[in-house]
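The values are calculated or read from the model by the stated rules, or taken from the named source; none is laboratory data. The model shown is predicted, which means the values in this text are computed figures rather than measured ones. Because the Cβ atoms are built from the backbone with ideal geometry, glycine has one as well, and the counts that use them run over all protein chains shown. Protein only, heavy atoms only, side chains kept; ligands, DNA and RNA dropped before computing areas. Shrake-Rupley method; radii C 1.70, N 1.55, O 1.52, S 1.80 Å.
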Amino acid sequence: MLPYSHSVNRIQLPRNMIENSMFEEEPDVVDLAKEPCLHPLEPDEVEYEPRSSRLLVRGLGENEMDEDEEDYESSAKLLGMSFMNRSTGLRNNAAGYRQSSDGSCSVPSLRTMVVCAIVLVIAVSVIMVIYLLPKCTFTKEGCHKKNHTMELIYPLATNGKRFPWAKTRLPSNVVPLHYDLVLQPNLTTTKFAGSVQITVNVIQVTWNIILHSSGLNITKATLTSAGWNQAKPVAVLEYPIRDQIAVVAPDALLVGQNYTLIIDYSSNLSDTYYGFYKVSYKDEHAEKRWLAATQFEPLAARSAFPCFDEPAFKATFLIKIQRDEQHSALSNMPKVQLSGIVQDEFSVSLKMSTYLVAFIVANLKNISKETNRTLVSIYAMPQKLGQVEHALDTAVKLLEFYQKYFHIEYPLQKLDLVAIPDFQAGAMENWGLITFRETTLLFDNKTSSAMDKKLVTAVIAHELAHQWFGNLVTMEWWNDLWLNEGFATFMEYFAMDRTFPELQTDEEFLKVRFKTMMKDSLNASHPISSAVQSSEQIEEMFDALSYIKGASLLLMLKKYIKHDSFQAGIENYLHNHSYGSTRSDDLWDSMNEITNGTLDVKKLMKTWILQKGFPLVTVKRQGKSLHVQQERFFLKKYFFSYSYLWHIPLSYTTNKCNPFLCPYAYLLDQKSATIELQEEVAWVKFNVDMNGYYIVHYAEDDWNALIDLLKNNLTALSAKDRAHLINNIFSLVGIGKVPLLKAFHLLDYLVKENHTAPISQALFQVNLIYDLVEKRGMQDLAARVVDRVEKLLRSKIDQQTWTDDGTISEREFRSTVLAFACSHHLGNCRTTATKLFEEWKASNGTKSLPTDVMKTVFTTGAKTDDGWEFLLSMYTSSVSEAEKHKMLEALASTEDVRKLIWLMQTSLEGDLIRAQELSHIIATVIQSLPGHLLAWDFVKENWEKLIRKFHLGSFAIQNIVTVSTFQFSTEAHLLEVKTFFESKSEKVSQLRCVKEAIETIQLNIKWMERNLATLQQWL
Ligand SMILES: [Zn+2]
């Protein structure tokens, strides 16, 4: 799946330049949690520890773990510590180090530490005694001792009887082999009936079959076996809290036997974006119609049919859809027959996970093309069929590329890509039937910009990569979601770079890596491979870390072990595990087969996937020696942080780099090391092209040498390196390693810069500062920040033409610079934009506008009431989603409070403006001063409706929480945000996005305390 916020690169991540300052003064429990281990991490000691172990032993709910515990648990796992060592004493000690109530910092004295150590030892001893007395040992399966606690935790089914299963994960004593599914959706009543026959195999003798079902009204259930004369009725117990049902067999189910479970049921088509859901749309005659489509990942297949809804339970599926005569149906597999008039039967699927099952009942049209015995088709609403050609060409090219690159053929005879008119994610990789938002599949020559083309191409590349990474080989459980999403994201950029080099998407990849590192440097971050159980935790795994950090780590590995070995490794992995399920270790084992003892990939990569955050590498040059040292980014030299150790494949270049050997590589697997150069150099730059996932700090002379280099000979470094230096220096300002003015001093070289990547990174950093200052009501100061940058960019702004000419990079550059100029009223930007808007308006929207500046033109036009109203009327009639997207952003950029409220409310209702747009609308609304307060009020007032529509933990909710709070920088707002989320359920206050939001505000407050005075004096 590709969350929409990721796909359009609009994810609003918190501020790294700010966040770190706080930690110098406020060490959080994460450090203390690691106190027991002062030796370097030994990744091989890491063990998987399911949370159910806690449930069984303590007899407690799964959500009891608080933030401190979570940190500690993850650290404990990393350090190979026994679960028993977790102690509340530790946490109490940790609390002692927290910031005191008056806001000052309590740096622990030696005496405090000694006292804490004693308390710690006592607490650990007490806990160990408590745990050891019942002779309970912890293993992967939890506590083996059968005691009363275990008996007590069996829940009650809805009928009051004891439900025979007490875990969130299904048992593995019965496994599904095959599903026969018949569905009868009624688009008039918006209900559906279903019947599923599941053939299961028994691994361990049992009387119960436990599987998933959510919101289904089960009317009949029977069980048959080859040895039985006839099907026997069975009782079904339901436990809705975990979406589980238990089929109680009349006899013991015997090991090795197959049984067929038949369940008849009915339900309503969903009015959310999950499960089997309904979508209303206007047809070409403007009449309201309905279609029904599915979105199952991660946990919604169970709401369309009873099933074993975990990714490792792979099976084959035979799907039959009974439908109205006027509709047609699609599913993963090709249609094999029409029986009667209204039933479509699809051929039996390959062995696959439930979350990849899909079907659609609708009135769509398509165009198709055959490649390598696979028929590729693009489906859209009939009136949009003119916008599908780009997608078809792109999909065919990419399918051919992947087959060659992996040396594994796409295994199905058909591949459908379908544009769904209302869709929450960016796209979903259902095997053979990929679903998309209209904006991520359709391309309209008149209204789609260079960036839109990149977006459509990228999303197709991502979803096609999933046909191998995810569909053919699937992560065993959601803790390793990164195996699916990190790989698909990595392959998305790689395939585009190989297949469509003119799109220059490697810079796009760079941009999202910067943003992801901001998120990953928060204490609320998580290792990309993290234990998850509850539905909210699983939903929250769909974040920038699983996607972008996962992809970044693969990029770093590929650069280090070289492309050929990397390719051979992933080919090996895909071959070894086709139609199977994997853990992260399986990938590293496949890589190690290729490196053959020359490098232990598993040892190296475990330090990256099992630790949150990333390293800061500090470089000091003395003559020909380079002293390099690592620590966790943002932590002060604080001995607790020493438990963090990464194996970092360093890369570096110098002014005397030998072109045959450059960039140089060095594996830093210790805290520090010295690299000897062959000769003295004038400058050195580490993390070449930012292919590594770390930030670099230099000694003052080396920073000065690099700044001089930028000013005098900027092409000595690549555009990516230049963008990386800008990103690094502003990140370092946040942790107080570099003064703010030095970062602005570096930006002075921008006068000579003409490349998109460094300029957009500079504007991004400046905008962060601008937003923070402006939202505190200091418009004068905010304007002075912009003035400072304008002086550097003025000639570039003036040089821009309002056309679609040039390379993709030039077009993107124009789009970025003019959007910045018009939004800050620089030069004559708004005059030109207004002129273009008026001409377009006078032509009643028929005059074509340059697509790359269309959004800027609309945004400027929407500043007047007339312009806004006209845009809204055009929005409702346009059939181009690309155009509508730009219009909507313009409409949401007004500062008229009434209009903003109306937009958010209308989108939440989902009729005139679809609810799929809401998180994007809010992300635009918050950009203005009145808007950011309004958006937060809107979120508070409509919280219940929001989580009903979008699900707790979903990326839409993550995005809404982040964007509506990330600009706050006062104690009053901090208290308000905290109080609001705490007043909701425990689940809400424990959401990771909520923790991130609170941490970000705290960091904003600190940043303002540190830097505001400097800014005021300097500007
Ligand atoms: Zn994906």
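Numerical summary
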| item | result |
| --- | --- |
| Cα gyration tensor, segment 354-411 - rounded (a/c under 1.5), prolate or oblate | oblate |
| Length-normalised contact order of segment 888-984 in % [C-alpha pairs under 8 Å, at least 6 apart] | 24 |
| Most to least packed among 786-799, 718-731 [average Cβ atoms within 10 Å] | 718-731, 786-799 |
| Cα pair count fraction exceeding 22 Å, expressed as % - segment 400-512 | 33 |
| Segment 711-833: relative contact order as a whole-number percent, Cα under 8 Å and 6+ apart | 21 |
| Bins of 10 Å, starting at 0 and running to the largest distance - Cα pair percent for segment 947-1014 | 21, 50, 22, 6, 1 |
| For segment 694-784, with +1 on Lys and Arg beta carbons and -1 on Asp and Glu, the positive-most of Leu732, Thr756, Ile695 along the dipole | Thr756 |
| Dimensionless Rg over Rh [segment 315-423; C-alpha; Kirkwood] | 0.97 |
| Whole-percent pair-distance distribution, where bins are 10 Å wide, for the alpha carbons of segment 483-620 | 11, 39, 37, 13, 1 |
| For Thr316, distant residues with modelled amide H under 5 Å away | His178, Tyr179, Met352 |
| Radius ratio Rg over Rh of segment 712-766, counting only Cα atoms, Kirkwood formula for Rh | 0.95 |
| Segment Lys656-Asp600, extension gain: residue separation times 0.36 nm, minus the distance between their alpha carbons | 17.0 nm |
| Residue-wise HN-Hα coupling along segment 444-455, computed from phi with Karplus coefficients 6.51, -1.76, 1.60 (Hz; x: Gly, Pro) | 10, 4, 7, 10, 8, 8, 4, 5, 5, 5, 4, 4 |
| All-pairs Cα distance distribution in segment 842-972, expressed in whole percent, bin size 10 Å | 12, 44, 31, 11, 1, 0 |
| Cβ-Cβ FRET estimate between Glu370 and Asn201, R0 fixed at 60 Å, reported to 0.05 | 0.95 |
| Amide H within-cut-off set for Asp669, under 5 Å, with H built and near neighbours excluded | Ile648 |
| Whole-Hz couplings from phi, Karplus 6.51/-1.76/1.60, listed for segment 916-930; x for Gly and Pro | 4, 8, 4, 5, 6, 4, 4, 5, 7, 4, 5, 6, 9, 4, x |
| Whole-angstrom Cα spans of segment 202-323 along principal axes, big to small | 58, 29, 24 |
| For segment 522-529, 3J(HN,Hα) per residue [Karplus equation, 6.51 cos²θ - 1.76 cosθ + 1.60, θ = phi - 60°, Hz, x = Gly/Pro] | 6, 5, 6, 5, 8, x, 5, 9 |
| Cα gyration tensor category, rounded, prolate or oblate, for segment 158-259 with a/c compared to 1.5 | oblate |
| Sorted largest first, extent of segment 876-921 alpha carbons per principal axis (Å) | 28, 20, 18 |
| Within-12-Å neighbourhood charge of Leu545 [Cβ basis; K, R +1; D, E -1] | +1 |
| Exposure rank, largest accessible area first [Glu485, Glu287; 1.4 Å] | Glu287, Glu485 |
| Segment 288-344, relative contact order [Cα under 8 Å, separation at least 6], % | 24 |
| Long-range HN-HN contacts of Val473 with modeled amide H, under 5 Å | Tyr579 |
| Largest-first ellipsoid semi-axes for segment 390-440, taking √(5λ) over the Cα gyration tensor eigenvalues, angstrom | 22, 12, 9 |
| Cα Rg, Dmax (largest Cα-Cα span) when computed across segment 418-467, Å | 10.6, 32 |
| Prolate/oblate/rounded call for segment 805-848, Cα gyration tensor, a/c under 1.5 rounded | oblate |
| Shape metrics for segment 595-698, restricted to C-alpha atoms - Rg then Dmax, Å | 14.2, 41 |
